[in-house]
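Following: one structure in structure tokens, then a few remarks.
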Amino acid sequence: MCHPSRIRALAMAQHLGDLARLRRVRDRIDREYTQPLNVEALARGANMSAGHLSRRFRLAYGESPYAYLMTRRIERAMALLRRGDLSVTEVCFAVGCSSLGTFSTRFTELVGVPPGVYRRRAAGATAGMPPCVVKQVNRPIRNREARDRQPQLA
């Protein structure tokens, strides 16, 4: 029979190991966002089941691995659209999306406007701003996050 402190130590070691694997998954998504990634492949690389990876990733980062991947892709798409030298279709494929429809839907969900509208509005809107400010100003906000940021009246 194990002592309770030994059980807690083992649980903590498992938790820390999971967090390290989750960081590696997140870093892989950040590096390879243009590649075809799916939860099963990410889970295999982390020696976890797809379900376990999805649950633990959501607990650690507040969103599923797929949502995190799509957020990275949309952030990069926003930067490419602001440049203005690529079409929406070219940007879609450049950031690793294989479906223009899915890309446009997800872009609109995260940014609030379709990619073509964003591209037209962004032309020159951030001229003269330091890159670090441009990145913060243009970071996508999920619709549910925008609702959560509304002032709460008591």
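FYI, it's all coordinate maths here, none of it is from the lab. Note that the coordinates shown come from a computational prediction; the quantities given were computed from them, not determined experimentally. Please note: Cβ atoms are built from the backbone with ideal geometry, for glycine as well, and neighbour counts cover all protein chains shown.
May I ask you to evaluate 6.51 cos²θ - 1.76 cosθ + 1.60, the Karplus curve with θ = phi - 60°, for each residue of the stretch 87-98 and list the ³J(HN,Hα) values in order in whole Hz, giving x for glycine and proline?
Values per residue, Gly and Pro as x: 6, 4, 4, 4, 5, 3, 6, 5, 8, x, 7, 9 Hz.
Based on the mean of other beta carbon atoms within 10 Å per residue, what is the order of 86-92, 13-19, 65-71, 99-105, most packed first?
Order by mean packing, descending: 65-71, 86-92, 99-105, 13-19.
Less than 11 Å Cβ to Cβ from Val95, Lys/Arg counted +1 and Asp/Glu -1: what total charge do the surrounding residues give?
Net charge in that neighbourhood comes out at +2.
What relative contact order, as a whole-number percentage, does the stretch 4-62 give when Cα pairs under 8 Å and 6 or more residues apart are counted?
In percent, rounded to a whole number, it is 33.
When the Kirkwood radius is taken over all Cα pairs of the stretch 49-92, what Stokes-Einstein diffusion coefficient follows at 20 °C and 1.002 mPa s, in µm²/s?
Translational diffusion coefficient: 181 µm²/s.
What is the projected area of the convex hull of the Cα atoms of the stretch 4-62, averaged over all directions, in nm²?
For the Cα atoms of the stretch 4-62, the hull's average projected area reads 4.2 nm².
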